[in-house]
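Asker: Here you go, one structure.
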């Protein structure tokens, strides 16, 4: 059984809810999922030892939350090349954060990513529950 780390940054807890639904999809697929708030990640060592990674942040004023930026700087030294990954996040008006995280994971870390970022206005709107669970299942397929 593989273990996936899901790190999220949230202001209104909606990105946390999305992270929890993604974790359900991973667990349904027979793998484990560990959730961490971005504020809890203090070193690259906290990111090592997992088989896959999902990073998520709400978009706030067109940017990702600063604690996720710090996680991304730490992740540069965590040796993630070739590992499965994905990005996600909630948004109000725009939704740039998940794409910026995704681009960093592809271009800087060299990760093997799920098709595209998951960007939801809210987990409970327009099929968001199923989309988030399916995103977790899609990442699980990359685990082998």
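The values are calculated or read from the model by the stated rules, or taken from the named source; none is laboratory data. Note that the coordinates shown come from a computational prediction; the quantities given were computed from them, not determined experimentally. Quick reminder, even Gly has a Cβ in these numbers, built from the backbone with ideal geometry, and neighbours come from all protein chains shown.
Asker: Of the residues that sit in segment 1-19 and are without any contact (Cβ under 8 Å) to a residue 60 or more places away in the chain and under 19 Å from residue 141 (Cα atoms), which one is farthest from the chain's Cα centre (by Cα)?
Answerer: Here the answer is 1.
Asker: For the list (1) surrounded by fewer than 18 Cβ atoms within 10 Å (Cβ to Cβ); (2) at pLDDT below 95; (3) within 13 Å of residue 19 (Cα to Cα), I need the number of the one condition that residue 134 fails.
Answerer: (2)
Asker: Further, regarding this structure: Here is a list of conditions, (1) over 17 Å from residue 112 (Cβ atoms); (2) in a strand (DSSP E or B); (3) touching a helix residue (DSSP H, G or I) at 6+ places or on another chain (Cβ under 6 Å), and residue 36 meets all of them except one; can you say which number that is?
Answerer: Status for residue 36: all satisfied but (3).
Asker: Separate question: If you scan segment 39-71, which residues turn out to be closer than 21 Å to residue 120 by Cα, part of a helix (DSSP H, G or I) and out of contact with any strand residue (DSSP E or B) (no Cβ under 6 Å at 6 or more places or on another chain)?
Answerer: The answer is 66, 69.
Asker: Any idea which of 25, 89, 30 is part of a helix (DSSP H, G or I), within 23 Å of residue 137 (Cα to Cα) and touching a residue at least 60 places away in the same chain (Cβ under 8 Å)?
Answerer: 25
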